[in-house]
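Each remark here refers to the structure printed beneath this line.
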Amino acid sequence: MEQRAHIRKGLFISLEGLDGCGKTTQIKALRCAFQREGKEVIDFREPGCTHLGEQLREIVLHSDSHIGERAELLIYLSSRAQVTDEIVIPALSEGKVVIADRYADSSVAYQGFGRAIGAEKVKALNDFAIKNTYPDITFLLEISVSEALKRLENKPLDRLEKERGTFFQRVHEGYEWLYQQNPQRFVKIPGELEPKEVGQQILKVLKGRGFLGK
Ligand code: TYD
């Protein structure tokens, strides 16, 4: 059971899924929906967003140097600790809506399962890095491994995407494990639908839970 270490007045939403699942399009739509209600919205992508985070993003996604599995995990965690302190916790305590394009769950799926470091180990490190600041709700945009590979063929690949194949299969299993472990926080949305339809389903869930007006 995830426990909160902070009093929060705001709302924390994260979007997760395999590469190419369409998170970024949905985040734009979500931001507009909350802004129409007069809410202040902050969104960020992982890794990145803070000055340190963008430097780490460059290293972890685009560097040619060999990065070992533990080092890779710790880079993501380092970026996450920084964004949690600089952006997430202050914004939530000020009552803002925070939308994360990937957060702690990505490390469990990609490093815990994809790299086979182990889910529980990654979870314990995540808890420390984010001071238990888990999202209120996490949308898992579900696409099949073959659909993810197909979608990636149309754009230049970053370092992780180049490894694909069976790696993605394990990441997919990792997300399923996370979903089973966190049935209240995780909501699955079929990411292979038209983006507009995906957006409507997300809004419906948010309204149903009282996070967004009718
Ligand atoms: P990005 O270009 O942001 O891809 P996407 O649009 O699919 O999110 O690259 C992020 C990559 O980093 C993606 O392949 C997932 C990976 N990643 C991890 O392996 N672990 C993590 O903790 C995070 C946040 C991302």
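Say we join alpha carbon atoms closer than 10 Å with springs in a Gaussian network model of the chain; which of Lys150, Lys39, Lys23 then has the biggest fluctuation?
Residue with maximal mean-square fluctuation among Lys150, Lys39, Lys23: Lys150.
If you build a Gaussian network model of the chain, linking Cα atoms that sit under 10 Å apart, which residue out of Asn182, Asn126, Asn154 swings the most?
Asn154
Quick one: 3J(HN,Hα) in Hz for segment 112-128, Karplus 6.51/-1.76/1.60 with θ = phi - 60°, rounded, Gly and Pro as x.
Per residue, the Karplus-derived 3J(HN,Hα) values read x, 9, x, 8, 6, 6, x, 5, 5, 5, 5, 4, 4, 5, 4, 3, 5 Hz.
How much length, in nm to one decimal, is gained on full extension between Ser78 and Arg159, taken as 0.36 nm per residue of separation minus their Cα-Cα distance?
Once the chain is fully extended between Ser78 and Arg159, it gains 27.3 nm.
Given a cut-off of 29 Å, name the pairs among Lys131/Lys214; Lys96/Lys155; Lys96/Lys123; Lys121/Lys204 whose C-alpha atoms lie farther apart than that in the structure shown.
Lys131/Lys214; Lys96/Lys155; Lys121/Lys204, as the Cα separations exceed 29 Å there.
Could you give me the radius of gyration and the Dmax of segment 11-208, taking only the C-alpha atoms into account and expressing both in angstrom?
According to the Cα coordinates of segment 11-208, Rg and Dmax are 15.9, 47 Å.
What percentage of the solvent-accessible surface of the chain, computed with a 1.4 Å probe over protein heavy atoms, is contributed by carbon and sulfur atoms? Before the final figure, lay out the partial values.
Numbers: 5460 of 10550 Å².
Looking at the chain in its full context, I get 52 percent from C and S.
Choose one answer from Leu92, Leu74, Leu52: the residue with the largest mean-square fluctuation in a GNM of the chain with alpha-carbon springs under 10 Å.
Leu52
Taking a virtual spin label 7 Å from the Cα of Lys207 along the C-beta vector, which residues in segment 125-141 bring their backbone nitrogen under 19 Å of it?
139
Quick check: residue separation of Ser65 and Asp85 times 0.36 nm, minus the Cα distance between them. What number comes out in nm?
Full-extension gain reported as 4.3 nm.
Taking 22 Å as R0, compute the FRET efficiency from the Cβ-Cβ separation of Glu54 and Lys131 and round it to 0.05.
0.50
The values are calculated or read from the model by the stated rules, or taken from the named source; none is laboratory data. Bear in mind the structure is a predicted one, so any value in this text is a computation, not a measurement. Backbone-built Cβ (ideal geometry, glycine too); neighbour counts: all protein chains shown. In case anyone asks, the SASA skips ligands and DNA or RNA and just uses the protein heavy atoms, side chains included. Shrake-Rupley method; radii C 1.70, N 1.55, O 1.52, S 1.80 Å.
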